[in-house]
Amino acid sequence: MVNPRVHILAFGTFTVGTEGYVIAGLLPEVARDLHTTVAVGGQLVTVFALAYALGGPPLIARFRRVRPRRLLVGAALGFAVANVLAACAPDLGTLIAARVVAAAGAALFMAPAAAFSAALSKPEDLPRAIALTATGNALALTAGAPIGTVIGSAFGWRAAFVFVAVLAVAAAVLVRLLLPDVPPAAGGAGDRAELLRSPAVRWGFITTFGLLLATYTLYTYLAPVTAAATGRGSDTVASLMAVFGIGGLAGGRLVGRLLARHDLGRVLRIGLLSVAAMMIVIAVLTATGPGETVHLVVLFPAVLLLGTAFWCAGISQQTRFALLAPTQRSAALSLHFSAQFLGVAAAGALGGLTLAATSATGTVVTAAVIALLAQVGVRRLPSRAAEEPQDERS
């Protein structure tokens, strides 16, 4: 059974995920209030992703000697301050700076939280613990972001950032009061360089990057894909985003059980193949659309299963990195999350280029091919022998 304290870490990932998803729904209001365009305002997402991807691993290395509970509290409070700064931003430059600070706080929370969840658990419960922590992000997509968007629509976009700041403070308080104070993991100053020299870590990095690049090439441009498949607009897109998140919640619950019973490589390969398969289904819909009833009946289950497969593959990757470096889990997981956000940042550019050069169908087919190519990185996998008992479960 997973340690109940892992739910606190899941709440923290829910908070970080809510901030990341809610900004997309409020971009028109932000752009209008700050006298810029939605396209320029959209760079707030890119700036966050790049700051996280490039700054995450060095930050984890810099704070590797800080006790995990203290690090998580500080990261959550820093994330809260960044969102207060965003809520008060008088111009786009200040809001961009706030997003960079938020990315730093997120980077210092997400990887240590996943590592802490593993440390709180028995070896046999490690996949379920990591899955539970990651499921907070899926819940953010299905519940946190819609709630934040409703608050932003009712009280202004700045109120949505205040909402996230309150969540972050609550996460910091819960971590401080309810998680054990344990020493930092052993490891030298060369942790990051040593990990990057490992072929197993490099192959894992490629798989994570490919998975996120594929999925977000489609997800970022879900609106034109939906229009091509069904002729529907923003209401249908919003519903599909929620369905994708629901699929993620299902995947989070499913993958923990699968990893406890089956080989990690098998689960990961099936997850990647399923992502590609659902994208091919969606590509068929866009190529033969727009259509109303039949296309809608097929599109919603396809997106649901895409979310399930994506989260299964993503959590399998988190488990993979955690097992690759049992004594350097925060450092290893920071590389995983760095690859994630590099994939998200690159997906915006790749999806835009393919959409402009070809069509919605071309964009989805490109995403499916990338998901298939990501299979190349499924090698040099860790064995269960890499799981080591920890002292932090008390």
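The values are calculated or read from the model by the stated rules, or taken from the named source; none is laboratory data. Values in this document were obtained by computation on a predicted structure and should not be read as measured data. Here the Cβ positions follow ideal geometry from the backbone for every residue, glycine too, while neighbour counts run over all protein chains shown.
Of the residues making up the range 132-146, those that are aliphatic (A, V, I, L, M) and in contact with a Ser or Thr (Cβ under 8 Å, 6 or more places away or on another chain) number 4. Flag set for Ala331, criterion: under 19 Å from Ser117 (Cβ atoms) and at pLDDT below 90.
Evaluate the range 308-325: report whether one residue or more is farther than 30 Å from Leu59 by Cα and at pLDDT 90 or above.
Yes, that holds for at least one residue.
Take the conditions (1) under 16 Å from Gly377 (Cα atoms); (2) β-branched (Val, Ile, Thr); (3) in contact with a Ser or Thr (Cβ under 6 Å, 6 or more places away or on another chain); Ile315 misses just one of them, which is (3). Only one of the listed residues (Pro123, Pro127) is touching a residue at least 60 places away in the same chain (Cβ under 8 Å), surrounded by fewer than 24 Cβ atoms within 10 Å (Cβ to Cβ) and outside the structural domain of Ala345 (by TED's automatic domain parsing). That residue is Pro123. Among the residues making up the range 210-267, those that are polar (S, T, N, Q) and within 18 Å of the chain's Cα centre (by Cα) are Thr215, Thr217, Thr220.
Are any residues in the range 286-300 aliphatic (A, V, I, L, M) and either outside the structural domain of Ala229 (by TED's automatic domain parsing) or within 27 Å of the chain's Cα centre (by Cα) (or both), and if so, which ones? Before the answer, list the steps.
As a first pass, look at the range 286-300 and keep what is aliphatic (A, V, I, L, M): 287, 294, 296-299.
Matches in the range 286-300: Leu296, Val298, Leu299.
Return the residues of the range 249-275 that are more than 15 Å from Gly210 (Cβ to Cβ) and of a type in the set (Lys, Arg); say none if nothing qualifies.
First, pick out the residues of the range 249-275 that are more than 15 Å from Gly210 (Cβ to Cβ): 249-267, 270.
Correct list: Arg253, Arg257, Arg261, Arg266.
So if I check each of Thr215, Thr220, which one is touching a residue at least 40 places away in the same chain (Cβ under 8 Å) and under 20 Å from Val284 (Cβ atoms)? Working first, answer last.
Working: Thr220 fails: under 20 Å from Val284 (Cβ atoms).
From the options Thr215, Thr220, the qualifying one is Thr215.
Of everything in the range 284-300, what is of a type outside the set (A, V, I, L, M, F, W, C) and under 16 Å from Thr215 (Cα atoms)? Give them in sequence order.
Across the range 284-300, there are no qualifying residues.
Annotation note: Cβ proximity below 8 Å between a residue of the range 33-45 that is over 18 Å from Gly152 (Cβ atoms) and a residue that is crowded, with 16+ Cβ neighbours inside 10 Å and at pLDDT 85 or above (sequence gap 6+ or interchain) occurs for Thr37/Ala31; Val40/Ala31; Val40/Leu92; Gln43/Ile96. Given the condition modelled with pLDDT of 95 or more and under 18 Å from His262 (Cα atoms), answer yes or no: does some residue in the range 292-304 qualify? Looking for residues that are modelled with pLDDT of 95 or more and under 18 Å from His262 (Cα atoms), one finds none in the range 292-304, hence no. So which residues in the range 24-46 are surrounded by 18 or more Cβ atoms within 10 Å (Cβ to Cβ), more than 24 Å from Ile315 (Cβ to Cβ) and among the β-branched types (Val, Ile, Thr)? Across the range 24-46, the qualifying residue is only Val30. For beta carbons closer than 6 Å, sequence separation of 6+ or different chains, a first residue in the range 263-282 that is under 23 Å from Val294 (Cβ atoms) and not assigned by TED's automatic domain parsing to the domain that holds Val369 and a second that is among the β-branched types (Val, Ile, Thr) and in a helix (DSSP H, G or I), there are no qualifying pairs. The sole residue among Ala283, Ala277 that is of a type outside the set (S, T, N, Q) and buried (at least 21 other Cβ atoms within 10 Å of the Cβ) is Ala283.
Scanning the range 53-85 for residues that are at pLDDT 95 or above and closer than 19 Å to Val344 by Cβ gives Phe79, Ala82.
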